[in-house]
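Comments concern the structure below.
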Amino acid sequence: MPTHPASSRSGASGADASAGPAAAAPPAEVDAVIIGGGPAGLTAALYLARFRRSVLLLDAAQSRLSKIPRSHNYPGFAEGVTGTDLLAMLREQTLRYPVHAVTAYVDTVERRGDGFEVGWAGGSARARQVLLATGVTDIPPAMPYVLEALRAGVLRYCPVCDGYEAIDQAVGVIADGEAGVGEALYLRHFTPHITLFMEQGAAALDEGARRRLAEAGIAWADEPIDSIRHWEERITVRHGQRETVCDSLYCALGLDIHASLARRLGARTNDDGYLVIDDHHATTVPGLWAAGDVSQGLNQITVAMAGGAIAAAAMHRRL
Ligand SMILES: Cc1cc2nc3c(=O)[nH]c(=O)nc-3n(C[C@H](O)[C@H](O)[C@H](O)COP(=O)(O)OP(=O)(O)OC[C@H]3O[C@@H](n4cnc5c(N)ncnc54)[C@H](O)[C@@H]3O)c2cc1C
């Protein structure tokens, strides 16, 4: 029963069903519910709407894309593009099609016959298929000025994204475990000026870690990290009685992977916590698909978009 309800169209402005009294109520039943409106979810919604499938897009509006001060590795933008601009462009394009978009946090996805019942505060809908594009959240250091430093681009989360911008700069890595050693070694390809700051101090580094760091010429701070301060495009890390000034500070404190809705349905995750998917982005639960950062693979905008497109094409064939 492919449907294409023009009545549920959100409009070119991206008007949101939750935006006010004039907004249309979400449809009770759709071909596909997409949970998450970052690059993965928006691309999947665009494809499915163009395949003439009815789509309900539910998004809590916390895309990682919106945290990017300026990306230089997203193709097509030689001068780079800010995350908020790119997100707005993607939304504007997708919402030209009959996608019903609601700003909401989805609390439940439950099996109903061959399909699913999706629930959020104030609403629910039945879907024949569900795509999870819920992404991840970076765990920030628990100290003041983190947001300011992130916005200024001096606190960073992704060396794959912007290691190139750190070439030959003074770079710090803040971590609380082995991942910090790996991140420091990864960054060594870009710059020889690296200091590793362990939240709990160098006592957390065993002999093997110290040897690998020393062999790569990477310094580490002995004291636990106390605070960070953003000043004139640089970042000062205070540890004990000492301060180290860096051009940028990479945070390797881990990720919160938003896979719990799928796990509750019995979907398998890998050892790192990412949803296991096949070549078509099907999870291990029939009718449940996943794309973007929440699923295994490289956490990148282009990869999220590709995953959304692959999943949407496979979902269309199944519907
Ligand atoms: C600081 C920073 C810089 C980066 N720089 C780059 C870069 O230069 N190049 C690059 O390629 N990548 C970069 N990335 C990574 C990139 O942002 C992500 O790979 C990309 O946004 C992933 O897209 P996604 O659609 O999977 O998830 P997201 O963009 O995170 O979108 C997920 C959406 O799902 C929503 N959601 C989650 N749970 C629910 C729920 N239960 N109900 C409803 N909605 C929900 C969230 O609120 C969010 O809106 C960067 C990331 C950060 C943090």
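Throughout, read-outs are computed from the coordinates displayed, never taken from laboratory work. Quick caveat: nothing in here was measured; it's all calculated off a predicted structure. Using ideal geometry, Cβ is built from the backbone for each residue, glycine included, and neighbour counts are taken over all protein chains shown.
Miscellaneous remarks
- Sparsely packed GluC sites (Glu not before Pro) within region 23-121, loop by DSSP, other Cβ within 10 Å at most 11: E79
- Trypsin sites (Lys or Arg not before Pro) within region 254-319, DSSP loop, no more than 14 other Cβ atoms inside 10 Å: R268
- Cα long-axis angle, helix 39-50 against the chain (0 to 90 degrees, to the nearest 10): 20
- 0 to 90° range, to nearest 10: angle between helix 301-318 axis and the chain longest Cα axis: 30
- Principal-axis analysis of the Cα atoms of the chain puts helix 83-94 at an angle of about 10° to the longest axis.
- Net charge dipole size for the chain [Lys, Arg +1 and Asp, Glu -1 on Cβ; Debye, nearest 20]: 1340
- Per-residue Cβ neighbour rank within 10 angstrom, fewest leading, M143, M198, M89: M89, M143, M198
- Leading residue at positive end of dipole, the chain (Cβ point charges), from A24, A121, G182: A24
- Efficiency of FRET between R96 and Y145 - r from beta-carbon atoms, R0 30 angstrom, step 0.05: 0.15
- Qualifying GluC sites (Glu not before Pro) in region 194-247, where qualification requires a DSSP coil assignment and no more than 10 other C-beta atoms within 10 Å, comprise E232, E233.
- Ranking of Y47, Y250, Y186 by neighbouring Cβ atoms within 10 Å, starting from the fewest: Y186, Y47, Y250.
- DSSP bridge orientation in region 140-252 - percent antiparallel, rounded to nearest 5: 45
- By the count of other C-beta atoms within 10 Å, a proxy for reagent exposure, V118, V245 are ordered fewest to most as V245, V118.
- A Förster radius of 41 Å combined with the Cβ-Cβ distance from R112 to A203 puts the calculated FRET efficiency at roughly 0.20.
- The relative contact order of region 188-254, computed from alpha carbon pairs under 8 Å that lie at least 6 residues apart in sequence, is 25 percent.
- Look at the dipole of the chain built from charges on Cβ: of A291, P75, A216, the Cα furthest out on the positive end belongs to A291.
- Beta bridge orientation in the chain: antiparallel %, DSSP, nearest 5: 45
- By the Cβ-Cβ criterion of under 4.7 Å, the unpaired cysteines of the chain are C246, C251.
- Charge tally around Y250: other residues with Cβ under 10 Å, Lys/Arg +1 each, Asp/Glu -1 each, net -1.
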